[in-house]
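Colleague: I'd like to ask you about the structure that follows.
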Amino acid sequence: MKRALSLVLLACGIVVVCAGLGTTVGFTPAGMAASVVAIAALLYAGGIWFGGASPQLTTPGADTVMVFNRLLQVVGGQAAGSSLLAQFPAPIRPELEMRCRMALGGEHTHFSCEHAGARICFDISPVQSVAGVVLYGIVIAGQGMPVPAVSTEPLTTVA
């Protein structure tokens, strides 16, 4: 239902933009080209603005690299400005937060956990300036092959 309604609104928007620009610049080839460029720019801006949520680790074998600041916010890429912890499943977040705080304190850590039948391996490291001051942290997370559940608990952490 939402997609049908959005398609109707998109079609109406295209007609209105074409009609408005057509009457302003005339129904000439240059006027129609201007209409097409305006529509393409609006579609691109709308896609960027209203695009879907940042991808979460759901694909087996997917690797993710994220740089985060002291507020545990992602500082680059598609998820820039969003919470680092929100990029991962909820049961992993407390362990991940602790390890990220350790990285901001200058310590490199590595751990693996099982979630939803897949093993996720994390490397979390500090990013230091030339003077040795920790400026950022980096998370490298990768999902391994699906593993059989070893317990009824949804999460197992292995340090």
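The values are calculated or read from the model by the stated rules, or taken from the named source; none is laboratory data. As the structure is a computational prediction, the values presented were derived from the model and not from experiment. Cβ placement follows ideal geometry from the backbone for every residue including glycine, while neighbour counts extend to all protein chains displayed.
Colleague: Based on this model, can you work out whether Ile92 counts as at pLDDT 90 or above, in contact with a strand residue (DSSP E or B) (Cβ under 7 Å, 6 or more places away or on another chain) and β-branched (Val, Ile, Thr)? Quick ask: steps written out before the conclusion?
Modeller: Numbers: at pLDDT 90 or above: no; in contact with a strand residue (DSSP E or B) (Cβ under 7 Å, 6 or more places away or on another chain): yes; β-branched (Val, Ile, Thr): yes.
No.
Colleague: Step by step: first the residues of the range 24-37, then only those that are β-branched (Val, Ile, Thr) and modelled with pLDDT of 75 or more, then the one that is surrounded by the most Cβ atoms within 10 Å (Cβ to Cβ). Which residue is that?
Modeller: Filtering the range 24-37 for residues β-branched (Val, Ile, Thr) gives 24-25, 28, 36-37.
Remaining after also requiring modelled with pLDDT of 75 or more: 28, 36-37.
Working: Thr28: 10, Val36: 14, Val37: 11.
Taking the candidates together, the pick is Val36.
Colleague: Please go through the range 6-22 and give me each residue that is over 18 Å from Ala45 (Cβ atoms) and modelled with pLDDT under 75, ordered by number.
Modeller: Gly22, the sole residue that qualifies.
Colleague: For the range 83-130, what are the residues that are surrounded by 20 or more Cβ atoms within 10 Å (Cβ to Cβ) and part of a loop (DSSP other than H, G, I, E, B)?
Modeller: Passing the criteria: Leu84, Phe88.
Colleague: Taking the condition at pLDDT 85 or above and surrounded by fewer than 17 Cβ atoms within 10 Å (Cβ to Cβ), does Ser151 pass? Lay out the reasoning, then the answer.
Modeller: Values: at pLDDT 85 or above: no; surrounded by fewer than 17 Cβ atoms within 10 Å (Cβ to Cβ): yes.
It is false that Ser151 is at pLDDT 85 or above and surrounded by fewer than 17 Cβ atoms within 10 Å (Cβ to Cβ).
Colleague: Is it the case that Ala80 is loosely packed, with under 15 Cβ neighbours inside 10 Å and modelled with pLDDT of 80 or more? Working first, answer last.
Modeller: Numbers: loosely packed, with under 15 Cβ neighbours inside 10 Å: yes; modelled with pLDDT of 80 or more: yes.
It is true that Ala80 is loosely packed, with under 15 Cβ neighbours inside 10 Å and modelled with pLDDT of 80 or more.
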